[in-house]
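Comments concern the structure below.
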Amino acid sequence: MDVVADLFGTVFGEGEFALATVIGVEGSSYRREGAHLIVHDDGAHSGTISGGCLEDDAADVGVRALRQERPMILRYDLDDDTVFGLGIGCPGTVDILVEPVRWRGGHDEVLLAFCREMAERQPVTLVRRILREGLDVRRVDRIVVGRELDGTLGDGLDGPAVDVAREALADIAPASGWVEVGGKTLFLDVVVPPVNLVIFGAGDDAVPLSALAQAMGLPVEVVDVRTELLTAGRFPGARLVHARGREAFGREIPVGPRTAIVAMNHQIERDREALAFALPSQAFYVGLLGPRTRGEKTLEALGAEAGGAADRLMNPIGLDIGAESPAEIAVAILAEIVARREGRRGGPLKERVEPMHPAHQTTGRDLG
């Protein structure tokens, strides 16, 4: 079970749990700052904070944090072959904050509000001020910034911290991590919902694209007027939209800055209608399936309807991996969407020379 599904059942079912959060990474690690693990009082857990090597131990600590009703910090040296006898071999150090969340007996409303927002897939930032001596936590002050604004950090930090939190939420790929605010070091825990994918065209090649996108955790909408193709049997889990034309699309399809749109109607007029809607929109990615010549014809038919945004159309669509089958093409398209979201070019990691997106850089911070 993923963290969001587990949180929804737990938070709204009045359960008690511990929230484990990666708050520091030095060197290599499978997950970065802001990764979460939910731990129940029986040790059951969901989510990932590593490649599977730290979760069980962190869950044991989560149960202890619940029983002792106090937050704890764990530190793992992943380069130490003695860690659980696993010989993990990743040259890095990971710090994890474990916080109990209770409905009764002094539960923290701010932390609970943060978990509610995550459970409902709402963009939210929790700013923590962790007062400690080494790994010994004395107190954690918090302020949550989302649909609600609650909590306090003290020392006049609330206003500046809220500004930083809201700025982070405006980023397409925000980074969790440590920030300096008012001369204090605060941890910014930023959670945004996954980007959503809108597919125009319910042909056979849209089927693997929808399935793979959902396997990645992306909500999917499939848009077409062909009712014989637009069925739940072909697109399980996707929202099906029977509509045609820019006005109908505007009524039926919400589009924001976290939306990716792919037009794959295999028909120039329907693709023109899709692009007339998509290109002037807030969508961060707009792609058109087909060769370059077909894309040029579609844009020519579109004319002024592109709203001056024709140059942002991705056509041919997808990363250049030599994809041929519908499933391979789906991989290429989704890889390009992820690369665009993260501000990457896309290519072999081995050959990367450009700086990483800030969301994936190590902090280099000594948390001890």
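The values are calculated or read from the model by the stated rules, or taken from the named source; none is laboratory data. Note that this is a predicted model, so its numbers are computed, not measured. Note that we place each Cβ from the backbone using ideal geometry, even for glycine, and neighbour counts take in every protein chain shown.
Annotations
- Top-ranked residue of region 287-307 - restricted to ones that are over 23 Å from ARG341 (Cβ atoms) and of a type in the set (Gly, Ala, Ser), ranked as surrounded by the fewest Cβ atoms within 10 Å (Cβ to Cβ): ALA304
- Residues of region 45-59 that turn out to be part of a loop (DSSP other than H, G, I, E, B), under 12 Å from ALA35 (Cα atoms) and over 17 Å from the mean Cα position of the chain (by Cα), as a count: 1
- Picking from residues in region 330-350 that are among the small types (Gly, Ala, Ser) and part of a helix (DSSP H, G or I), the one that is nearest to ASP204 (Cα to Cα) is ALA330.
- Looking across region 142-163, the residues that are in a strand (DSSP E or B) and buried (at least 18 other Cβ atoms within 10 Å of the Cβ) come down to ARG142, ILE143, VAL144, VAL145, GLY151.
- Residue in region 116-130 that is hydroxyl-bearing (Ser, Thr, Tyr), in contact with a Gly (Cβ under 6 Å, 6 or more places away or on another chain) and crowded, with 21+ Cβ neighbours inside 10 Å present: no
Results for (1) touching a Gly at 6+ places or on another chain (Cβ under 9 Å); (2) in contact (Cβ under 8 Å) with a residue 12 or more places away in the chain; (3) of a type in the set (Val, Ile, Thr), shown as yes or no for each residue.
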site	(1), (2), (3)
PRO280	yes, yes, no
THR298	yes, yes, yes
ASN315	yes, yes, no
ARG340	yes, yes, no
LEU349	no, no, no
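Conditions (1) closer than 22 Å to THR93 by Cα; (2) of a type outside the set (Val, Ile, Thr); (3) assigned by TED's automatic domain parsing to the domain that holds ARG70, marked per residue:
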residue: ARG121; (1), (2), (3): no, yes, no
residue: LEU131; (1), (2), (3): yes, yes, no
residue: ARG139; (1), (2), (3): no, yes, no
residue: LEU149; (1), (2), (3): no, yes, no
residue: VAL162; (1), (2), (3): no, no, no
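- Residues (over 24 Å from ILE96 (Cα atoms) and among the β-branched types (Val, Ile, Thr)) located in region 149-195: ILE172, VAL195
- Given (1) surrounded by 20 or more Cβ atoms within 10 Å (Cβ to Cβ); (2) under 26 Å from the mean Cα position of the chain (by Cα), index of the condition ALA65 fails: (2)
- Verdict on GLU354 being at pLDDT 80 or above and among the charged types (D, E, K, R): no
- Some residue of region 63-82 being touching a strand residue (DSSP E or B) at 6+ places or on another chain (Cβ under 8 Å), of a type in the set (S, T, N, Q) and at pLDDT below 90: no
- Residue match in region 188-206 (condition: closer than 25 Å to ALA263 by Cα, touching a residue at least 24 places away in the same chain (Cβ under 8 Å), in the same structural domain as ALA260 (by TED's automatic domain parsing) and part of a helix (DSSP H, G or I)): yes
- Residues located in region 260-291, provided they are among the β-branched types (Val, Ile, Thr) and over 29 Å from the mean Cα position of the chain (by Cα): ILE268
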